[in-house]
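The values are calculated or read from the model by the stated rules, or taken from the named source; none is laboratory data. Please read these numbers as outputs of a predicted model, since none were measured by experiment. Here the Cβ positions follow ideal geometry from the backbone for every residue, glycine too, while neighbour counts run over all protein chains shown. Just the protein is used for accessible areas: all its heavy atoms, side chains included, with ligands, DNA and RNA removed. Shrake-Rupley method; radii C 1.70, N 1.55, O 1.52, S 1.80 Å.
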Amino acid sequence: MKITNAKVIVSCPGRNFVTLKVMTDEGVFGLGDATLNGREKAVSICLEEHILPSLIGRDPANIEDIWHFFYKGAYWKRGGVNMAAISAVDTALWDIKGKVLGAPVYNLIGGRSRERIMVYAHVTGRDAEETAEQAKGAAAAGFRAVRIQSGIPGIDHTYGVPGGRAPYEPAEPGLPKEYFWDTSRYLNFIPKLFSRVRQACGDELHLLHDVHHRLTPIEAARLGRELEPFHPFWLEDPVSGELQEGLRLLRAHSTVPVAIGEVFNTMYDYTTLISEQLIDFIRLPPAHGGGITHALKTAAFASAYHIQTGYHGATDISPVGLAAALHCDLALNNFGIQEYMPHQEIVREVFSWNYEYRDGDMHLAERPGLGVEIDEAKAKKYLYRCASLPVNRKMDGTLHYW
Ligand code: GCO
Ligand code: MG
């Protein structure tokens, strides 16, 4: 069997997605998600100019060898753009293998380890009161885990908290908007938010919170310690993960579980974090972390240290990327939880998929390969539109993490 052709499909049904389609001489084809929010064109050029010409002619069965050809062969290892491109190739090859063997991908990587995949929903409110109401609503709708984000008194705009009632979409049209941030107001408020939500929802609902890299290690340690009485399921990206040793400080002061890695791109970004047990959940999803092949290795490395998966699943991961994560979620023993942020309805015009949300869990139907299809004619109708994630400044204008 040979790869005869491959193409990159850039489409914007409500938001930008980059999808790779790899075709073979036997008519079987596979899909991979190459979406890198705000850097979509860079990944599509990387694929078209630097990767696909060397992919054509290879036997799609040899996934491990092809992975190493593009990883080691690039010389410039790692990096978000390169790894998103490699991830897409890898995912498409697993899709092809599943279709050739007539098996869902999860059956090729160990089979079912569980019946269903627990997900967490995004819950946001303009203040603690509204967030607590929304969390109650999500629990009533069946969610057993919710990520709570809220507007913060004294801060005009908080990332991920939409102004109106429409769901939040990561990336806004045009160039990056600039928002303002105040750490001390944030730190004073978040324990109050947790207290209010616990009061409204009781003890059983799992509560998660995304700090979005905005704290220093000692600030994160304070927050972790103050949130302990509300037993959060996790604190996400409390500190920017480039400083892996920084997490030691948080660990020394708090038992709050920590999740990190949605902006990482290989297991090597995790070496200190995992080997010193500084975190509890890995967030790097197959779509950005070297595809299914490398996700399995990262998860295996984490499993030796009792660390679980909690893959990034915001809407900038396409249905193809989310399906790749769900196949791993079903198969991995050290699965923890999966982020679930439903795509806008319009996405269904371009993609169809085999997963379904029911009562707090995701369920995967038994279909060969990944189980996701793309309608190329429809995809063409939705042209790429420039959209960006915002930037964050401190009140005095200093550029900060967001
Ligand atoms: C999350 C996030 C997202 C990301 C976005 C980046 O879901 O945990 O942090 O909102 O910022 O997906 O592209
Ligand atoms: Mg996050």
Taking alpha-carbon centroids only, segment 320-345 lies from segment 364-402 a number of Å equal to 16 Å
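May I ask you to work out the translational diffusion coefficient for segment 296-347 at 25 °C, viscosity 0.890 mPa s, via Stokes-Einstein with Rh from the Kirkwood sum over Cα pairs, reported in whole µm²/s? Could the numbers behind the result be given before it?
Details: Rh = 11.7 Å.
After rounding, the answer is 210 µm²/s.
Roughly how compact is segment 3-104, stated as its Cα Rg over 2.2 N^0.38 Å to two decimals?
Working: Rg = 12.9 Å, N = 102, 2.2 N^0.38 = 12.8 Å.
Ratio of Cα Rg to 2.2 N^0.38 Å: 1.01.
Beyond 18 Å between alpha-carbons counts as too far, so tell me which of 99/378; 21/380; 41/378; 72/297; 7/378 fall in that bin.
Numbers: 99/378 23 Å; 21/380 14 Å; 41/378 20 Å; 72/297 16 Å; 7/378 16 Å.
The pairs that break the limit, which is 18 Å between Cα atoms, are 99/378; 41/378.
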Can you compute the modelled spin-label distance between residue 373 and residue 271, with each label point 7 Å from Cα toward Cβ, in nm? 4.6 nm
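Rg over Rh of segment 181-239, using C-alpha atoms and the Kirkwood radius, what does it come to?
0.95
Just need the relative contact order of the chain here, percent rounded to a whole number, with Cα pairs under 8 Å and 6+ apart.
Numbers: 888 pairs, mean separation 91.8, N = 402.
With pairs under 8 Å counted, the relative contact order is 23 percent.
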For the chain, which whole-number percentage of the solvent-accessible area (1.4 Å probe, protein heavy atoms only) is attributable to carbon and sulfur atoms? 53 percent
Label-point separation, residue 363 to residue 218 (7 Å along Cα→Cβ), nm: 5.2 nm
Picking from 368, 104, 153, which is most flexible by a Gaussian network model of the chain using Cα springs under 10 Å? 153
Hey, what number do you get for the chain at 222 nm if only DSSP H runs of n ≥ 4 count, each worth -39500 (n - 2.57), divided across all residues, to the nearest 500? -10000 deg cm²/dmol
Work out the length of the dipole vector of the chain about its Cα centre, built from +1 on the beta-carbon of each Lys and Arg and -1 on the beta-carbon of each Asp and Glu, and round it to the nearest 20 debye. 220 debye
For segment 165-273, the Cα-Cα pair-distance distribution in 5 Å bins from 0, as whole percents, is 2, 11, 19, 20, 19, 15, 10, 4, 0
Considering only 207, 158, 104, whose Cα is most displaced toward the positive end of the charge dipole of the chain, charges sitting on Cβ of Lys, Arg (+1) and Asp, Glu (-1)? 158
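If you take the alpha carbon radius of gyration of segment 325-402 and divide it by 2.2 N^0.38 Å, what ratio comes out, to two decimals? Don't jump to the answer; show the numbers that get you there.
On the way: Rg = 18.1 Å, N = 78, 2.2 N^0.38 = 11.5 Å.
The reported ratio for this selection is 1.57.
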For the chain, with a Gaussian network of springs between Cα atoms less than 10 Å apart, report the residue from 108, 31, 47 with the top mean-square fluctuation. 108
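Any idea what the dipole of segment 3-104 comes to, in debye rounded to 20, about its Cα centre with Lys/Arg Cβ at +1 and Asp/Glu Cβ at -1?
Working: 11 positive and 11 negative charges, 70 e Å.
In total the dipole reaches around 340 debye.
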Taking the C-alpha atoms of segment 270-310, how large are the radius of gyration and the largest Cα-Cα span, Dmax, in Å? 9.3, 26
Compute the accessible area per residue over segment 74-138, keeping the other protein chains in place, probe 1.4 Å, unit Å². 41 Å²
Principal axis box of the chain, alpha-carbon based, largest edge first, Å: 61, 44, 42
Counting DSSP beta bridges with both partners in the chain, what percentage is antiparallel, nearest 5? 50 percent
